[in-house]
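Have a look at the structure below before the remarks.
Values quoted throughout were computed directly from the atomic coordinates according to the rules given, and no laboratory measurement underlies them. Just so you know, these numbers come straight off a predicted model, no measurement behind them. Cβ coordinates were reconstructed from backbone atoms using ideal geometry, including for glycine residues, and neighbour counts include every protein chain displayed.
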Amino acid sequence: MRVLTLNIWGRRGPYEARTGLIRAELARLAPDVIGLQEVWRENGVTQAETLADGLHGVFAPALRLDGADYGNALLSRHPITDAETIPLPNDPGAEPRVLLHASIATPDGPLPFFVTHLHYSPGEATLRARQAEFVAETVAERTSGGPAVLVGDFNAPPGSPEIASVLSHGLTDAWPSSGDGTPGHTYCETNAFARASGEPSVRIDYVFTSALTPARTELAFTTPSGGVWPSDHYGVLATFS
């Protein structure tokens, strides 16, 4: 099974060109399950549906923005038998964030799958830590330590209190054990869209697992075309044997 996560950056930047790159890379990588963040839904159609045709899908709206719903999405080659949208803890004035929880009917049995996107602002680490703790507790409650996958944009680097909180609940970060030995930066200065923000390179996008061991984890969506990158984030692809 191949699991992918990507923050698709909504409709920002040269979206039409980016769409083509994302679609082509999804077709090449052929993941079985895809977790997406910063997904728009307009007129009843989500970006996730237009990026990967023919897959089962579910969308979890977090807020209304510029006339469209905005949130997380899940795409799967296997049927999605159940799904729920769970609001994350929040502070007044902060953008609402959610946790998408779905059950995927894989050939090996039901797989609980979670997609989230934590608060962004660097000055709001306390809120982000509360959200991370809530997410990890929710995953533990709904899986009882059995097989599960949690993916998303956590806006926090390895070693931060937010990630330490996730790991303390029995989840494992796929990158250290099955990555290529590099830092695995997913928001990276090599990407012109990320570089424009002036922020340092950092790994903030993750695949976490419980009772599953990835054989290989790699970065994805790292190649531009004509100066256009698929997103301002790189994706993470984990392959389970």
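Name the most mobile residue of Leu21, Leu65, Leu51, meaning the one with the largest mean-square fluctuation, in a Gaussian network model of the chain with Cα contacts below 10 Å.
Judging by the Gaussian network model, the answer is Leu65.
Place +1 on the Cβ of every Lys and Arg and -1 on the Cβ of every Asp and Glu in the chain, take the dipole about the Cα centre, and give the residue among Val58, Pro92, Ala30 whose Cα lies farthest towards its positive end.
My answer, from the dipole projection, is Ala30.
Place a point 7 Å from Cα of Ala211 in the direction of its Cβ. Which residues in the range 132-154 have their backbone N less than 18 Å from it?
Residues 136-151 fall inside that zone.
Please give the FRET efficiency for Arg64 paired with Glu137, using the beta carbon to beta carbon distance and R0 = 35 Å, rounded to the nearest 0.05. Please list the in-between numbers first.
Numbers: r = 27 Å, r/R0 = 0.78.
Efficiency, from the Cβ-Cβ distance: 0.80.
Express the relative contact order of the chain as a whole percentage, based on alpha carbon pairs under 8 Å and six or more residues apart in sequence. Don't skip to the answer; put the middle values down first.
Details: 559 pairs, mean separation 49.3, N = 241.
This gives 20 percent for the chain.
Comparing Thr50, Thr106, Thr182, which has the greatest mean-square fluctuation in the GNM of the chain with Cα pairs linked when under 10 Å apart?
Thr182
Measure out, as a whole number of angstrom, how far apart the alpha-carbon centroids of the range 104-131 and the range 1-37 sit.
About 18 Å separates the Cα centre of the range 104-131 from the one of the range 1-37.
What is the dipole size for the range 1-92, taken about its Cα centre, with +1 at each Lys and Arg Cβ and -1 at each Asp and Glu Cβ, in debye to the nearest 20? Working shown, then result.
On the way: 9 positive and 12 negative charges, 64 e Å.
With Lys and Arg at +1 and Asp and Glu at -1, about 300 debye.
Of the residues Ala174, Ala94, Ala83, which exhibits the maximal mean-square fluctuation in a Gaussian network model of the chain defined by a 10 Å Cα contact cut-off?
Result for the chain, Cα springs under 10 Å: Ala94 fluctuates most.
So how strong a dipole does the chain carry about its Cα centre when Lys and Arg Cβ are +1 and Asp and Glu Cβ are -1, to the nearest 20 debye? Don't jump to the answer; show the numbers that get you there.
Numbers: 16 positive and 27 negative charges, 67 e Å.
Dipole size: approximately 320 debye.
State the answer as a single residue: which of Pro107, Leu74, His117 lies farthest towards the positive end of the charge dipole of the range 2-240, with beta carbon charges of +1 for Lys and Arg and -1 for Asp and Glu, about the Cα centre.
Going by the Cα projections, it comes out as Pro107.
Quick one: work out the % antiparallel among DSSP beta bridges in the range 64-189, nearest 5. Don't skip to the end; give the middle numbers.
Details: 17 of 22 bridges.
Close to 75 percent.
Can you tell me what share of the DSSP beta bridges in the chain is antiparallel? A percent to the nearest 5 is fine.
85 percent
Report the net charge of residues surrounding Phe113, where surrounding means a beta-carbon distance below 14 angstrom and charges are Lys +1, Arg +1, Asp -1, Glu -1. Could you put the intermediate results ahead of the total?
Details: positive: Arg2, Arg77, Arg142; negative: Asp32, Asp82, Glu84, Asp108.
Combined, the nearby Lys, Arg, Asp and Glu give -1.
Got a sec? Which residues in the range 104-120 would a label at Ala83 touch, if it sits 7 Å along Cα→Cβ and we count backbone N under 16 Å?
104-106, 111-117
Please work out how much length the chain gains when fully extended from Thr126 to Asp53, using 0.36 nm per residue of separation minus the C-alpha to C-alpha distance, in nm with one decimal.
On the way: separation 73, 0.36 × 73 = 26.28 nm, distance 3.87 nm.
That works out to 22.4 nm of additional length.
Check Leu99: other-chain or 5+ apart residues with amide H under 5 Å from its amide H, H built from backbone geometry?
Ile86, Leu88
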